[in-house]
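Just so it is clear, none of the values below were taken in a lab; they were calculated from the coordinates. Just so we're clear, the structure is a prediction, and the values are computed from it rather than from any experiment. Glycine also receives a Cβ, built like all others from the backbone with ideal geometry; neighbour counts cover every protein chain displayed.
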Amino acid sequence: MATVTEPVSEQALADQLVTLQDVDWKGYVALLRIRGERSRPRMIDLDRTVSLMSPSYSHETLAGRLGILVREITVELKIPCTPAGSTTFHRRSKRGGVEADESLYLANAHRVRGKKTLDMRIDPPPDLTIEAVDSRSAQAALEVYRPPRVPEVWIADQTRLAIQILDANNHYHHSAHSLVSPFLSAEEIHAWITRDQDESGTAWTRALRTWVQGTLKPRASTSANE
């Protein structure tokens, strides 16, 4: 088994990425067991290559804000939502596995609500997953999301948010708008998650909540009536 330590980019300063090559399925499962209940490092397994990533503070801030943004929208617009956090999702063919920064059940929330564990052989994939760093690890994750047919993936960094929508041919393509809220653009989402990062989390959440209530909710109502 070969180990490759990726150089840390300026954009993702302090993110640590280590790649383990030629890891079979038993090896990947063994790594998960060794890590136990800890949430870090995150692991992505794709075609016998396992990436272990310890996220930076900036990474965690983006991921946290994206999760809060989705929850504020779903609460105010009364959209059913069951968060699945960084649950490990295995590829059905046992050729890969991934843990999102955030994963959420929306349209399928009723199908997993109340469950203690998820089985990807019978349970649906999350409706939305969030990856906070646009790196090779995020692109590998996107490939793992494809076989279980995760409908929507957000990949964000400090410069942009890419919304990836799964089409009928099981390929992801960029979209300007989210399936979660078609009246909300990728640019608006990114503007909110990168807004004044020196601002306290409480102040940011209160400002977001005011915007959702005063701007987004009326916009959603207008869109629904058209």
For peptides 176-186, 155-165, sequence by mean Cβ density within 10 Å, most packed first: 155-165, 176-186
A correct Stokes-Einstein calculation for segment 152-225, using the alpha-carbon Kirkwood radius, 25 °C and 0.890 mPa s, returns a whole-number D in µm² s⁻¹ of 179 µm²/s
Taking the Cβ of each residue in 221, 56 as the centre, tally the other Cβ atoms inside 10 Å and list the residues starting with the fewest. 221, 56
If you project the alpha carbons of segment 56-219 onto the principal axes, what extent comes out on each, in Å, largest first? 44, 33, 29
